[in-house]
Amino acid sequence: MAYETIIVEIADDIATIRLNRPDALNALNQKLLNEVCTALEEADASDKVRCIVLTGSEKAFAAGADITEMADKTYVDMTTQAYFQSQSRRIEAIRKPIIAAVSGYALGGGCELAMMCDFIIAADTAKFGQPEINLGVIPGMGGTQRLARYVGKSKAMDMNLTGRFMDAEEALSSGLVSRVVPAKKLMEEAQGAAQKIAAKSMLAAMAVKDTVNRAFETPLAEGLNYERRTFYGLFATQDQKEGMAAFRDKREAQFRDK
Ligand code: CO8
């Protein structure tokens, strides 16, 4: 499919989706977010894709929702259009693992989009923030909810109330990102992580994504039950037999997603 605001490349089992509105620091407008959703859904459905990397430019992953698109909207517009609501749900419904590779600004909706991915690898140039308060609003796609779950109440309040940016080192020590690498190595690191994931059984990888995300939706006992049932369920797969046989035989497992 031809896209105008993103660039999609599929190679070696990995779909790389690059946000591409350089004149607006990849600000998220309806078109871009719809294209991201469509590309993610196509990757999710494709047997050529086993892992997805979502990235931006060197200067910006995304500097937030497009302020020019939102500025004149009214409460009624926002509510009746359910602004960005269907897109959030579409992204949450993706079952294959998504890595966010963040360089430069990840602000407002950009930080929220990165947090919707399964984990974030940051360049040492990355800057995260929820500066919506400077615009007289608050985040609307997870900046108060997901950020608090990633970094805890105190830092989430600090970020959301002051609108300050967090650099890559602080994001690492706070648990917002899983790794920080020099900017030049960002894509190599993200692709390497994606390759590692792509070599696993996709049934197990999708089960990991599903069960870890469940931890944020359920009480512990319920989550543990869900995890145990999912674990038992994987014993119905050939990949479980292959993975354990390969360990016994001291060889690499050949997973077939069956
Ligand atoms: N929207 C639209 N355009 C933007 C945005 C944005 N968020 N960010 C940058 N741009 C544009 C600038 O207007 C500028 O365009 P032009 O050259 O035509 O003037 C171009 O990108 C380059 O930006 P700057 O010249 O400002 O670049 P600097 O390097 O000087 O500054 C910053 C970079 C610090 C990132 C600065 O651009 C900035 O502060 N941007 C806005 C950040 C922001 O406030 N983000 C939050 C937006 S609100 C939001 O995300 C809410 C999400 C919730 C939606 C959910 C609904 C349910």
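Data table
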item	result
Shape category assigned to the range 123-258 from the gyration tensor of Cα positions, a/c cut at 1.5	oblate
Sites N134 and F235, calculated FRET efficiency, Cβ-Cβ separation with R0 41 Å, nearest 0.05	0.20
T144, T79 arranged by Cβ crowding within 10 Å, fewest neighbours leading	T79, T144
Modelled FRET efficiency - R0 22 Å, K185 with N20, Cβ distances, 0.05 increments	0.55
Excluding exposed DSSP-loop GluC sites (Glu not before Pro) (at most 15 other C-beta within 10 Å), longest clean stretch of the chain	59-216
Folded to 0 to 90 degrees: helix 238-249 orientation relative to the chain principal axis, Cα	60
Gyration tensor verdict on the range 6-198 (Cα atoms; rounded if a/c is under 1.5, prolate if a/b is larger than b/c, oblate otherwise)	oblate
Relative contact order, percent, the range 6-198 [alpha-carbon distance under 8 Å, six or more residues apart]	21
Where Cα atoms sit under 22 Å apart: lysine pairs in the range 6-198 separated by 8 or more or lying on different chains	14
Chain lengthening between I7 and Q254 when straightened (0.36 nm per residue, less Cα-Cα)	85.8 nm
Inter-centroid distance (Cα atoms) of the range 132-155 relative to the range 26-65, Å	21
Extension gain, D210 back to E222 (0.36 nm per residue minus Cα-Cα distance, nm)	2.9 nm
The chain: most fluctuating residue of A93, A43, A27 per GNM, C-alpha cutoff 10 Å	A93
Approximate spin-label separation D77-E42, in nm, with each point projected 7 Å along Cα-to-Cβ	3.0
Viscosity 0.692 mPa s, 37 °C: Kirkwood-radius Stokes-Einstein D of the range 201-249 over Cα pairs, µm²/s	283
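Read the figures in this text as sums done on the coordinates, not as results from a lab. A quick note: this is a predicted structure, and the numbers were derived from the prediction, not measured. Quick reminder, even Gly has a Cβ in these numbers, built from the backbone with ideal geometry, and neighbours come from all protein chains shown.
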